[in-house]
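The values are calculated or read from the model by the stated rules, or taken from the named source; none is laboratory data. Fair warning: this is a prediction, and the values are worked out from it, not measured in the lab. Please note: Cβ atoms are built from the backbone with ideal geometry, for glycine as well, and neighbour counts cover all protein chains shown. Side chains are part of the model used for accessible areas, which takes the heavy atoms of the whole protein and leaves out ligands, DNA and RNA. Shrake-Rupley method; radii C 1.70, N 1.55, O 1.52, S 1.80 Å.
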Amino acid sequence: MTRTPHLTSDGAACCWIPLFALRCETARQPELAALPVALVGSDDTRRVWQVSPLARHAGVKPGMTVSQAIGLCPALKLCEPDPVHYDAQFSRLLAALGQVSPVIEPAELGRVFVGTDGLERLYGSVEQIIEAIKRGTRNAERGTVEESSLACSAFPLPRSAFRVGWGRGKFISWVAATRAKLGDAVIVPVGGEAKFLAAQPLAALPLDSDTYRRLRQLGVRTLGALAALPEEAVVSQFGRAGRLLWRLAAGRIAEPVVGRVAPEPIVAALTFFSPVGERALLVHAIDKLVDRALGDPRRSGWRVQVVRVRAELEHGASWLAEATLKDPSADRERITAPLETLLERSPPAGAVERLVVEFTAFAAGTAELQLFARDAHAAARAGRRRALRTAAQEIKLRLKRSLLYHVIEVQPWSRLPERRYALIDYEP
Amino acid sequence: MNREQTRNAEGGTRSKADRLRALNVQQRVEVELDENGLPVGMRDAGCKLRVVEDVGEIWRIDDEWWRAPIHRRYLEVIIEGGRRVVLFEDESTGEWWMQKPA
């Protein structure tokens, strides 16, 4: 598979919908709008995750235990999170923004950067580009994305939920979005970054609590105050992180928006030691192959839309089944379910010698959602995979070749021990 | 054009990830038997004779009668030094093989 270079853009529009998950719930259950509402965390159901303004007014804060929250606000309406729904809604937003610009970088649930370089020829000035972005999000809300077959049939967030910021680089556009009124936009003109940032509070920077406390103790309250300090002095106090913070505060860094291109098909194949005819065994093999294909790092951030299974049969025949998922998914069971139905309905005409699973079309997702929803442990797996990849590269460098293998089940049901398991080159 | 060539022509060269190496492949051994047909010694590829100290479970596997039939007589044995190995006799050829116990 050839790796396509990333699409990048220095001009960045940040489209932000605060409390995205909560707004999705309110859109689905309008009666919640008039109540103090809190979403319970998906990883820790004893704590509150997102809090509506009414509940916040009553003193409820994110991270509080549920009992504390109810103690403060007895009328609090608690909602179980529905990550798959939020994921689907966010995907629709991404699809809608993808109609405006090819450079889209999801940052987290409800926050996405749109690259705007080169859009002037299509839309005109920055203001007009922002208008096009707003129009795109409104179309997504209404389900009227033009010339799109994407599933934008429902994105019922209130229009005023969107805040848009524009500037050179992601940080400035993000800060601009946080300064924008609901449903409005803030544009930071090129050359005006330092002036704009100077008045912003320190909390706009990506700070850990310790650094924030230390800066406050030094009397630094705004980005302007930080940028007024000598860069080297900040570096001597806070190290490399300090240099980054100083440069962000001074508007000296413009991180480009990095878009992603849709990945090419991901393939996982298995050759049986002896042809397999039993349906249960084929289902088992498909499960394993789907798992393996889902684990491919190129799939990260994408949900599978079309999956295909090819089988090479004894005596040179073949068999093919293809399923298009109505709701793209990265969940093994959701992907294999239609394949199992197809296998049941029209099974291969002979014993299978080789089985190939291919993911041929994808729908965008986000890193956050991997962490949050779809396959609950995907983010943890991704972290482990990164560590493994580094270790594998080190081994390869030292020994000049990769000596890592993965043990996989081939025919675990076989009575012949040598056919049950096999080694496969491990390429994390 | 054989099956392998057809695959390569259609889908390019097979990826590394498609290469499987079977685990627990049997190794050829020579076995000395007593009058009851039970092993008393075995000689592996290193050609060193190892005394069989005990014979444990014995079982059979008869499989794939529909193509190349497989008939194996398995024996779990303890060889000198206390190591546990699994021997089997391929009854269609009379050859003896060793595998790691499950």
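Order the peptides A:239-251, B:73-85 from the highest to the lowest mean number of other Cβ atoms within 10 Å of their residues. Could you put the intermediate results ahead of the total?
Details: A:239-251: 18.5, B:73-85: 15.0.
In descending order of packing, they fall as A:239-251, B:73-85.
Mind pulling the angle between the C-alpha long axis of helix A:126-142 and the longest principal axis of chain A? Nearest 10 degrees, somewhere in 0 to 90.
For A:126-142 against chain A, the angle is about 50 degrees.
Enter the mean number of other protein chain beta carbons within 10 Å of the beta carbon of each residue in A:411-421, as an integer.
On the way: counts 0, 0, 0, 2, 6, 10, 13, 8, 5, 4, 4.
Per residue, the average neighbour count from other chains is 5.
Jot down the per residue volume, in cubic angstrom and as a whole number, of the convex hull over the alpha-carbon atoms of chain A.
Numbers: hull volume 84.7 nm³, N = 428.
Here the figure is 198 Å³ per residue.
For chain A, modelled as a Gaussian network with Cα springs under 10 Å, which listed residue fluctuates most, A:Val283, A:Val306, A:Val357?
So, out of A:Val283, A:Val306, A:Val357, the one fluctuating most is A:Val283.
What angle, in degrees between 0 and 90 and rounded to the nearest 10, separates the Cα long axis of helix A:332-345 from the longest principal axis of the Cα atoms of chain A?
Value to nearest ten degrees: 30.
With an 8 Å Cα cut-off and a minimum separation of 6 or more residues, compute the relative contact order for chain A in percent.
On the way: 793 pairs, mean separation 63.4, N = 428.
In percent, rounded to a whole number, it is 15.
Nearest 100 Å² is fine: what is the total accessible surface buried where chains A and B meet, probe 1.4 Å? Don't skip to the end; give the middle numbers.
Details: alone 22120 and 7630 Å², together 27520 Å².
In total, chains A and B hide about 2200 Å² from solvent.
Alpha carbon centre of the stretch A:266-332 versus the stretch A:382-428: separation in Å?
For the stretch A:266-332 versus the stretch A:382-428, the Cα centre distance is 20 Å.
Report, in deg cm²/dmol and to the nearest 500, the calculated mean residue ellipticity at 222 nm for chain A, where each DSSP H run with n ≥ 4 adds -39500 (n - 2.57) and the sum is divided by the residue count. Mind dumping the intermediate values first?
Details: 15 runs with 166 residues, N = 428.
My calculation for chain A gives -12000 deg cm²/dmol from helical runs alone.
In degrees between 0 and 90, to the nearest 10, how far off the longest principal axis of chain A does helix A:279-294 point, with axes built from Cα atoms?
Between helix and principal axis, roughly 30 degrees.
Say the cut-off is 31 Å between C-alpha atoms; which of A:Lys170/A:Lys288; A:Lys288/B:Lys100; A:Lys134/A:Lys326; A:Lys400/B:Lys48 go over it?
Numbers: A:Lys170/A:Lys288 40 Å; A:Lys288/B:Lys100 25 Å; A:Lys134/A:Lys326 27 Å; A:Lys400/B:Lys48 35 Å.
Among A:Lys170/A:Lys288; A:Lys288/B:Lys100; A:Lys134/A:Lys326; A:Lys400/B:Lys48, the Cα-Cα distance tops 31 Å for A:Lys170/A:Lys288; A:Lys400/B:Lys48.
Under a 10 Å cutoff between Cα atoms, tell me which one of A:Trp174, A:Trp16, A:Trp319 has the largest fluctuation in the Gaussian network model of chain A.
Comparing A:Trp174, A:Trp16, A:Trp319 in a Gaussian network model of chain A, the most mobile one is A:Trp319.
Rg and Dmax of the stretch A:266-364, using alpha carbons, in Å: what are they?
When restricted to Cα atoms, the stretch A:266-364 yields Rg and Dmax of 12.9, 40 Å.
With +1 on the Cβ of every Lys and Arg and -1 on the Cβ of every Asp and Glu, and nothing else charged, how large is the dipole of the stretch A:266-364 about its Cα centre, in debye rounded to the nearest 20? Working shown, then result.
Details: 13 positive and 14 negative charges, 61 e Å.
In total the dipole reaches around 300 debye.
How much of the accessible area of the stretch A:185-232, in percent, comes from carbon and sulfur atoms when a 1.4 Å probe is used?
So the carbon and sulfur contribution to the accessible surface is 58 percent.
Most fluctuating residue of A:Pro417, A:Pro36, A:Pro102 in a GNM of chain A with Cα springs under 10 Å: which is it?
A:Pro417
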